[in-house]
Amino acid sequence: MRKFVFPGDKISDRVLKIPYVYSDGKASYAEAIGILDSQGRYVPLESPYLPQVGDQIVGIITGVKPIGYKVDINTAGAGFLHSRETRMRFHLGDFIVAVVKMVDEAGNVDLKEARRLPRGKVIDFPSSKIPRLIGRHSSMINLIKKYAGEDIVIGKNGYIWIGERANIPLFISVAKFVEVHAPQEGLTDKVANMLSKMKRE
């Protein structure tokens, strides 16, 4: 059974190192409004992206400088890819996938391991609900890819790249469904039924 939690509510007697959670060294507490599902997993419902070292993100090149690239990664702080972190040359408007290398106290983010993504579309999805879109052991996104195609890259920052070879309208419809129904139990089964019906139509 689901249980709603609010900022400051205890969600575990253990120290959890996951986004939107803080710890006092003994237990863990919610930083955002969310739910505890039937298995005790915390699912935040609305909160901005908080970059963590090691996160895979999708970004958009918004500035080109001799020392590197300014990158829109859906955060209040700036994203930056230093030239020494890549052998590729990027251009304004390029879509990239990269990994968070460092986050400073002001929230500015340094990136690494960047590569250019082909032509396609980038959509903005609530970062707090990305875990629901991916699913446990990637069950949800693997299901969606069976119908929409494999050319999909999900960034933990909420930006999602969909390649031109994928079924973009189908993916967007399913993503909106997941966003609206994120708090519900049995979401993967609901999406499977939705996709099956769309295929028949």
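Taking the stretch 150-183 only, how many residues are free of Cβ contacts under 8 Å to residues at least 40 places away in the same chain, farther than 17 Å from S138 by Cβ and of a type outside the set (G, A, S)? Matching residues across the stretch 150-183 total 8.
As a summary of the residue check, P66 satisfies the conditions (1) under 30 Å from L117 (Cα atoms); (2) surrounded by 14 or more Cβ atoms within 10 Å (Cβ to Cβ) except for the one numbered (2). If you filter the stretch 99-157 down to residues that are surrounded by 15 or more Cβ atoms within 10 Å (Cβ to Cβ) and of a type in the set (S, T, N, Q), you find that the one that is nearest to R87 (Cα to Cα) is N108. For E85, the criteria (1) touching a residue at least 24 places away in the same chain (Cβ under 8 Å); (2) closer than 22 Å to K17 by Cα hold in every case but one, which is (2). Do the conditions hold for V21, that is, is it out of contact with any Leu (no Cβ under 6 Å at 6 or more places or on another chain) and crowded, with 18+ Cβ neighbours inside 10 Å? Judged against the criteria, V21 is a match. Pull up the stretch 21-39, narrow it to residues that are in a loop (DSSP other than H, G, I, E, B) and at pLDDT 80 or above, then point me to the one that is nearest to A98 (Cα to Cα). The extreme case among them is E31. Number of residues in the stretch 40-66 that are in a loop (DSSP other than H, G, I, E, B), hydrophobic (A, V, I, L, M, F, W, C) and within 19 Å of R132 (Cβ to Cβ) equals 2.
The values are calculated or read from the model by the stated rules, or taken from the named source; none is laboratory data. Computed from a predicted model, the values in this text were never measured in an experiment. Neighbour counts run over all protein chains shown; Cβ positions are idealised from the backbone, glycine included.
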